[in-house]
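The values are calculated or read from the model by the stated rules, or taken from the named source; none is laboratory data. These figures come from a predicted structure and were not determined experimentally. Glycine gets a Cβ as well: all are built from the backbone with ideal geometry, and neighbour counts include every protein chain shown.
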Amino acid sequence: MPSLRDIRRRIKSVQNTQKITQAMKMVAAAKVKRAEAKVKSSRPFSGELTKSFERLLASKPNINNVIIKTEKAIDNYPALLKQRDLKTVGILVVTSDKGLAGAYNANVVRKAVARIRELKRSNINIKLFIVGSKGLAALKKENVDIAEHYVKMPAIPTSGGASIITEDIAELYVREEIDRIEIITTHFKSMLSFDVQLWEVLPVAIEPEIKREEEITHHAEMLFEPNSEVILQKIVPLYLSNRVYQAMIEASASELAARMSAMTAATQNANDMMQYLTVVYNKARQASITQEILEVISGAKAQSG
């Protein structure tokens, strides 16, 4: 049995750990409220933007013969909307820089690894764009091309940061180094749960309900003011940047919720451990006192005998 001093040190160590986990829980709880509000307020705009963009493409605007020169690849909408044979897929994997968030990073990495192996079985090349040091460290082992990685990003994702990532991805797409853009991120559901999802960004797949709507309206013509080129020039960069930004804020909220849950469980475990160690300490102390009494009685008997 460990000595009383060892048990006291263990209890003190667990108490100190509990203070840390309690503080981290409170910080995550404060941040996740703001992150949740940000996610929920951005979803209506993001959803309507995506639907509008898909309806615009369903109207089949004439972009095949359009050639433009732009400083930024993200503004080159004809190249971004061009359909071509699938040879290489670019995947943006959104993880975190920090750990202690339960299974959050492990779930995202597991989904990314499964997708990488699925594409490899189809003889399709992969280029990764990784957000977060946790994903970078885990996916380096998969022997796959990492085109860009982004670490030490702002704790609260910004549209500016999302634009930088989007421009890097769009650059490779325009240069035809990748033929599809996908995002692996988490969809925030509640403080207790999130889903790891795969988003297909480009080329855009027209949803069945949109196709049915077009059939019902007999392929009604969509009118562009001032013209389709101007509309596409604006909406394509906005659509791409918004998808990346939405993926990042969804991931941020999911990470904070996972960290809050993990730190809540760790704090409770520390409390349970302290209760157990206190019982062990009291038993050891009682046994020590009993032993000392027995030694005194034995010594007294020896002297009287």
If you go through the range 90-109 one residue at a time, how many are modelled with pLDDT of 90 or more, of a type outside the set (A, V, I, L, M, F, W, C) and more than 12 Å from the chain's Cα centre (by Cα)? 1
Restricted to the range 238-266 and to residues being β-branched (Val, Ile, Thr) and either surrounded by fewer than 20 Cβ atoms within 10 Å (Cβ to Cβ) or in contact with a Pro (Cβ under 7 Å, 6 or more places away or on another chain) (or both), the residue nearest to residue 45 (Cα to Cα) is 249
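Looking for something assigned to a helix (DSSP H, G or I) and among the hydroxyl-bearing types (Ser, Thr, Tyr) - is there at least one such residue anywhere in the range 115-138?
yes
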Failed condition for residue 170, given (1) in contact with a Leu (Cβ under 8 Å, 6 or more places away or on another chain); (2) touching a residue at least 60 places away in the same chain (Cβ under 8 Å); (3) surrounded by fewer than 21 Cβ atoms within 10 Å (Cβ to Cβ): (3)
When residue 161 is run through (1) more than 25 Å from residue 42 (Cα to Cα); (2) over 14 Å from the mean Cα position of the chain (by Cα); (3) modelled with pLDDT under 90, the failure sits at (1)
